[in-house]
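The values are calculated or read from the model by the stated rules, or taken from the named source; none is laboratory data. No experiment lies behind these values; they were computed from the predicted model shown. Note that each Cβ is placed from the backbone with ideal geometry, even for glycine, and that neighbours are counted across all protein chains shown.
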Amino acid sequence: MHPSLKEIGDQAAAEAERQAIRVALQATQGNKSTAARLLRVDYKTLHLKMKRYAIDAREFRPSRDLRPKISARRTAL
């Protein structure tokens, strides 16, 4: 059975919303507060929609490994 016009519209709207959230998070490097302002939605609304679409803001943050490298090599005294 084919989906109804309403179902097709709902799916398209959900995909557009999911993509808009991803673009906003990319633009803000994963900053949810700034992304919410950019999308003109409440922070809680953004958080709930991210949960619905299984979007994790951490994947948009720049990776940074600030831990010092520890050498396995020991120097002789």
- Go through 75, 45 for me and flag whichever is hydroxyl-bearing (Ser, Thr, Tyr), at pLDDT below 95 and out of contact with any Gly (no Cβ under 7 Å at 6 or more places or on another chain). 75
- In region 3-34, which residues are among the polar types (S, T, N, Q) and assigned to a helix (DSSP H, G or I)? 11, 19, 26, 33, 34
- Task: Starting from region 8-34, keep only residues that are closer than 21 Å to residue 64 by Cα and without any contact (Cβ under 8 Å) to a residue 12 or more places away in the chain, then list their pairs with residues that are of a type outside the set (Asp, Glu) and assigned to a loop (DSSP other than H, G, I, E, B) whose Cβ atoms are within a distance under 7 Å, requiring at least 6 positions of separation or different chains.
- Result: 34/28
- Note on the structure: Residues of region 12-33 being within 13 Å of residue 61 (Cβ to Cβ) and surrounded by fewer than 15 Cβ atoms within 10 Å (Cβ to Cβ), in sequence order, are 26, 27, 29
- Item | Those residues of region 41-61 which are more than 12 Å from the chain's Cα centre (by Cα) and more than 17 Å from residue 14 (Cα to Cα), in sequence order | 42, 43, 44
- Query: So which residues in region 35-60 are assigned to a loop (DSSP other than H, G, I, E, B) and touching a residue at least 12 places away in the same chain (Cβ under 8 Å)?
  - Reply: 53, 55
